[in-house]
Amino acid sequence: MSHLLSIEPLTREAFAPFGSIMEADPASMRFINGGNTERFHALARVDAAGEGAGAIINIFRGQPRVFPYSVTMMERHPLGSQSFSPLQDRPWLVVVAEDEGGRPGRPRVFLANGRQGVNYARNIWHHPLMSVGIASDFIVVDREGPGSNLEEFYYDEAFVIRDPFEGG
């Protein structure tokens, strides 16, 4: 089994098992404010489980990763979804894995185009924020409230991601 990960384009179909993509899709657009504003409606749903849970909005500033990059851990949030929306038009990487008996399987890597955000479904394994090239800011919506909403897993062997903008 190869530990080198390929990078896939971020599409709705490919990402559907892990959550939803948020982008200005004309199919979701409607005019509001007397026709002066285009609203891209209901791009994702916030899922916050547990008594006293709510949704919060944050800004995360992701420092760029150095490539080749070794994926050694994944995390998931069992009590709430978590969305990432870039504030600058800069590509970034989305790394997710399907659950295999309570642990993440082989990661999949998606290249988001800088105008795409993602909403990780509740309890989906993903790697922490992966900015590429330069520090980048993201609006992050996630759960706050009582209960343990973070689970981490460390792989026995690393998976490697090559630089997404270099050939090979």
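The values are calculated or read from the model by the stated rules, or taken from the named source; none is laboratory data. Keep in mind that this is a model prediction, so the values were computed, not measured. Backbone-built Cβ (ideal geometry, glycine too); neighbour counts: all protein chains shown. Surface accessibility is based on the protein's heavy atoms, side chains included, excluding ligands, DNA and RNA. Shrake-Rupley method; radii C 1.70, N 1.55, O 1.52, S 1.80 Å.
Points to keep in mind about this one:
- Of residues in the stretch 7-36 being within 20 Å of Val141 (Cβ to Cβ) and polar (S, T, N, Q), the one surrounded by the most Cβ atoms within 10 Å (Cβ to Cβ): Ser20
- Check on Pro128, in a loop (DSSP other than H, G, I, E, B), within 14 Å of the chain's Cα centre (by Cα) and surrounded by fewer than 20 Cβ atoms within 10 Å (Cβ to Cβ): yes
- Taking the criterion of being part of a strand (DSSP E or B) and in contact with an Asp or Glu (Cβ under 7 Å, 6 or more places away or on another chain), the residues of the stretch 131-165 that qualify are Glu151, Glu152.
- Residue check, Ala55 open to solvent by less than 50 Å² (accessible area, probe 1.4 Å), among the hydrophobic types (A, V, I, L, M, F, W, C) and either in contact (Cβ under 8 Å) with a residue 24 or more places away in the chain or under 21 Å from Asn123 (Cβ atoms) (or both): no
- Hits in the stretch 1-44 - residues which are of a type in the set (Phe, Trp, Tyr) and either closer than 16 Å to Phe110 by Cα or touching a helix residue (DSSP H, G or I) at 6+ places or on another chain (Cβ under 8 Å) (or both): Phe15, Phe18, Phe40
- Number of positions in the stretch 71-98 that are among the charged types (D, E, K, R), more than 13 Å from the chain's Cα centre (by Cα) and surrounded by 14 or more Cβ atoms within 10 Å (Cβ to Cβ): 1
- Evaluated against (1) within 18 Å of the chain's Cα centre (by Cα); (2) more than 24 Å from Pro164 (Cα to Cα); (3) β-branched (Val, Ile, Thr), Ile21 falls short on exactly one condition, (2).
- Matching option when the condition is open to solvent by less than 10 Å² (accessible area, probe 1.4 Å) and within 18 Å of Val66 (Cβ to Cβ), among Val118, Val109, Val160: Val109
- Inter-residue pairs, beta-carbon under 7 Å, first at positive phi and without any contact (Cβ under 8 Å) to a residue 12 or more places away in the chain and in the stretch 17-45, second outside any loop (DSSP other than H, G, I, E, B) and surrounded by 11 or more Cβ atoms within 10 Å (Cβ to Cβ), 6+ apart: none
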